[in-house]
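Below is one structure, written out as structure tokens, with a few remarks after it.
Derivation of every value follows stated rules applied to the coordinates shown; laboratory data play no part. Note that the coordinates shown come from a computational prediction; the quantities given were computed from them, not determined experimentally. For neighbour counting, all protein chains shown are included, and Cβ atoms are generated from backbone atoms with ideal geometry for every residue, glycine included.
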Amino acid sequence: MRIEPGRLRRRTVFAAGGAAALGALLRPGRAIAAPGWYEQAFQSVVAADPNIRAHLTPGQEFWYRPRQLLVAPADLGRVMARLTNLGYVVATGAPFAGVARVMFRVDVDIKAIVDDLRNRANWAASVPVVQPHHVVVGYPNIMGNPGDAPASLAVSVAPATGSTGSGQLVGICDTGIWADATKRHPLWFAGSYAAAPADIDELYQGNSTLALQAGHGTFIAGVLRRTAPSIMFDPAVALTPHGIGDEASVAAALASLNPTVSYVNLSLGCYTMGNVPSLPLANAIASLAPTPSVAPVVVAAAGNAGSARPTWPAALPGVVAVAALRTDALLGQVPTEYSNFGPWVDLCAIGGHQGPYVTGLLAPPDQKPLSFDGFATWHGTSFAVPYAIGRMAKLVTNLGISPQAAAASLCVGPKPYAGYGAIVP
């Protein structure tokens, strides 16, 4: 059964009565806390990376690769001709995910070039499809907004048991899987995945010091297995241990997945120039199956900026976008302060979880290192995604329906908070 984009991209409307008023009061996005050490450390890593540039106009921020331009193949010839006429020295680079790549010999103003190429006045025919090569990050980090480090747990967390998820396979495109995940957590992970050397999360910056998002993929796998304890997963590296990648690395990770995956977990994303949908990510997702009728359910994090601005791939038609909830002692499940929201969001699920993690140290500047011994608590829309997938898998196990039907069923559930989609029970 195919999930029709219209079924998954339902526009959220204000619920009637008190629920709508409560949803409006709870909607975050205006008062964002000052950045903590974790976010500042991530920003420092980005600033020191020579292969990342930032456009930081408020409300239009995006990160991108320098000296690169991505173009729809049909438009490549005329784009190259215009760039040459404008005096740029360009060559074609390696294409990927159905897009051509234009390389500049020196640093140039990529945004100004894209603005020129998207200007209707410059073309007698249609405007070419062109974009920067966007940098993608693993949530909880994105564009100077709340990002919490994991917190160590001194006690072990017991795995769930049961047949939920049996016979179903999830592709997790993220930082990869810890090389010692099965050795350290046999009750959680033994027999649940097969990892090639390229699927391993490198974790450490030196000795036992962890990179900023080391273990992100492993923690996601733990949330998945706790929600659907018999489910299998296929890890693929799309991000560095600091949680940084780009549209090419995500497309490559998607292409590497086992072709039998029923779901794809994308706890990552990016803002784009002009909020234009990412062409390579759309192409890569469309290529996951030869026909739409057997395409896996792609589930992506909405992001943690407390904003309605769309993130990609979550906002792509046909992708299930997931926001984050927290549990309030009086009100029950309510939207978190950090979660993105908007008419492009399909589901909301609990974003804070405990589970298996890695061993090592996170080192805040001028503070005592944070020590991890295999278990952690972590919050973010990143972790709402595997929880939502686990609930889809439960419907498949209990009702004998397809993953696509399970996703569609969740997406038409109760929507008490405008812009956050249906609540995943």
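Considering only Ala295, Ile200, Ala323, and ranking their Cα positions along the charge dipole of the chain that arises from unit charges at the beta-carbon of Lys, Arg, Asp and Glu, the one farthest toward the positive end is Ala295. Here the Gaussian network model covers the chain, with springs between Cα atoms less than 10 Å apart; of Ser307, Ser126, Ser267, Ser126 fluctuates the most. Taken along the Cα-to-beta-carbon direction at a fixed 7 Å, the label points for Met103 and Lys183 span 3.9 nm.
His133 sits among other residues whose Cβ lies under 11 Å from its own Cβ, and their net charge, with Lys and Arg +1 and Asp and Glu -1, is +2. Express the relative contact order of the chain as a whole percentage, based on alpha carbon pairs under 8 Å and six or more residues apart in sequence. The value is 22 percent. Among Gly332, Gly413, Gly352, the largest mean-square fluctuation in a Gaussian network model of the chain (Cα springs under 10 Å) belongs to Gly332. Considering only beta bridges that DSSP places wholly inside the chain, some 60 percent are antiparallel. Our estimate of slack between Ala289 and Ser208, defined as 0.36 nm per intervening residue step minus the Cα-Cα distance, is 25.2 nm.
Gain on full extension, evaluated as 0.36 nm per residue between Asp116 and Ala158 minus their Cα-Cα distance, stands at 9.5 nm.
If you wrap the chain in the convex hull of its Cα atoms and look at it from every side, the mean projected area works out to 21.3 nm². Projection of the Cα convex hull of the range 96-241, averaged over all directions and equal to a quarter of that hull's surface, yields 13.7 nm².
The fewest-to-most ranking of Val345, Val299, Val155 by surrounding Cβ atoms within 10 Å reads Val155, Val299, Val345. The helix-based estimate of mean residue ellipticity at 222 nm for the chain, built from -39,500 (n - 2.57) per DSSP H run of four or more residues and divided by its residue count, is -7500 deg cm²/dmol to the nearest 500. With each label modelled as a point 7 angstrom along the Cα→C-beta vector, the Ala255-Ile401 pair spans 3.5 nm. For the chain, a Gaussian network of Cα nodes joined below 10 Å ranks Ala248, Ala214, Ala47 by mean-square fluctuation, and the top entry is Ala47. Between Leu224, Val237, Gly332, the Cα set farthest toward the positive side of the dipole of the range 137-423 (charges on each charged residue's Cβ, about the Cα centre) is that of Gly332.
Suppose R0 equals 30 Å. What FRET efficiency, 1/(1 + (r/R0)^6) with r the Cβ-Cβ distance, do Val127 and Ser409 give to the nearest 0.05? With a Förster radius of 30 Å, E is 0.15.
In the range 172-242, Cα pairs under 8 Å separated by at least six residues give a relative contact order of 51 percent. Seen against the Cα atoms of the chain and their longest principal axis, helix 76-85 is set at about 50 degrees. Taken about its Cα centre, the chain carries a charge dipole of about 960 debye when Lys and Arg each add +1 at the Cβ and Asp and Glu each add -1 at the Cβ. By the rule of a C-alpha distance below 14 Å, with chain neighbours fewer than 8 residues away ignored, the aspartates and glutamates paired with Lys415 are Asp346.
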